[in-house]
1. If I ask for residues that are exposed (fewer than 10 other Cβ atoms within 10 Å of the Cβ) and part of a loop (DSSP other than H, G, I, E, B), which ones from region 67-76 would you list?
2. With the condition kept exactly as written, say whether any residue in region 103-111 is surrounded by 10 or more Cβ atoms within 10 Å (Cβ to Cβ), modelled with pLDDT under 80, out of contact with any Ser or Thr (no Cβ under 6 Å at 6 or more places or on another chain) and hydroxyl-bearing (Ser, Thr, Tyr).
3. Looking at (1) within 18 Å of ASP77 (Cβ to Cβ); (2) modelled with pLDDT of 75 or more, which is the only condition PRO35 fails?
4. Quickly run through region 81-106 and pick out the residues that are within 29 Å of PHE60 (Cα to Cα) and outside any helix (DSSP H, G or I).
5. So which residues in region 114-127 are surrounded by 10 or more Cβ atoms within 10 Å (Cβ to Cβ) and either in a loop (DSSP other than H, G, I, E, B) or at pLDDT 80 or above (or both)?
6. Please find, within region 36-66, the residue that is farthest from THR82 (Cα to Cα) out of those that are among the polar types (S, T, N, Q) and in a loop (DSSP other than H, G, I, E, B).
7. Exactly one condition in (1) at pLDDT below 80; (2) surrounded by fewer than 10 Cβ atoms within 10 Å (Cβ to Cβ) is not met by ASN56; state its number.
Amino acid sequence: MKTIRKIVRFLFVFVLLGSLVFFAYQILPDYFAQPDLDLEQVQPYSGSPYVEINGNKPDFDEKDLTSKPYQSYSELDALGRTRTVEAVLDKSMFPTEKRPSMQAIRPSGWHTERYDHLIEDKYLYNL
């Protein structure tokens with residue numbers, strides 16, 4: 001009977017540790033991923049609403065250049081957060097009818113904030 005308990009405990013600990021390793025392997029690399037950006041190159045805020053990057057010259061590869069409209073969305077990460085989006089837009093992709101209310105849309109990471117003394121309707125929406 002004691003041998004069975006030892007085996008059950010061992011299996012429990014083994015499964016638990018295996019689950020933790022799997023969790024760490026699946027989620028933590030995305031969570032701690034750093035963008036391909038050298039923060040030393042980011043200039044302090046100068047009061048301008050934009051910053052010129054790379055001498056204002058795009059660094060697209062030839063394969064990236066297209067005049068055909070498209071949208072490409074990456075999968076959500078393991079925590080359900082949005083990741084990258086790539087798009088070439090034109091007027092044919094714009095809605096032709098009035099947009100529905102944005103109040104029911106809750107993208108991942110969305111936090112609704114009240115501004116009682118700043119905004120007449122209390123909430124800030126991009127309508």
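1. SER67, LYS68, GLU75
2. Scanning region 103-111, I find no residue that is surrounded by 10 or more Cβ atoms within 10 Å (Cβ to Cβ), modelled with pLDDT under 80, out of contact with any Ser or Thr (no Cβ under 6 Å at 6 or more places or on another chain) and hydroxyl-bearing (Ser, Thr, Tyr), so the answer is no.
3. (2)
4. From region 81-106, those within 29 Å of PHE60 (Cα to Cα) are 81-95; that's our starting set.
Hits for region 81-106 are ARG81, THR82, ARG83, THR84, VAL85, GLU86, ALA87, VAL88, LEU89, ASP90, PHE94, PRO95.
5. Filtering region 114-127 down to residues surrounded by 10 or more Cβ atoms within 10 Å (Cβ to Cβ) leaves 114-115, 119, 122-125.
Within region 114-127, ARG114, TYR115, ILE119, LYS122, LEU124, TYR125 meet the criteria.
6. Within region 36-66, the first condition is being among the polar types (S, T, N, Q), and the residues that meet it are 41, 43, 46, 48, 54, 56, 66.
Okay, now just the ones that are also in a loop (DSSP other than H, G, I, E, B), so 43, 46, 48, 66.
Working: GLN43: 27, SER46: 30, SER48: 28, THR66: 25 Å.
Among those that are among the polar types (S, T, N, Q) and in a loop (DSSP other than H, G, I, E, B), it is SER46.
7. Here ASN56 clears every test but (1).
The values are calculated or read from the model by the stated rules, or taken from the named source; none is laboratory data. All figures in this text were calculated on a predicted structure; none of them were measured in a lab. Cβ coordinates were reconstructed from backbone atoms using ideal geometry, including for glycine residues, and neighbour counts include every protein chain displayed.
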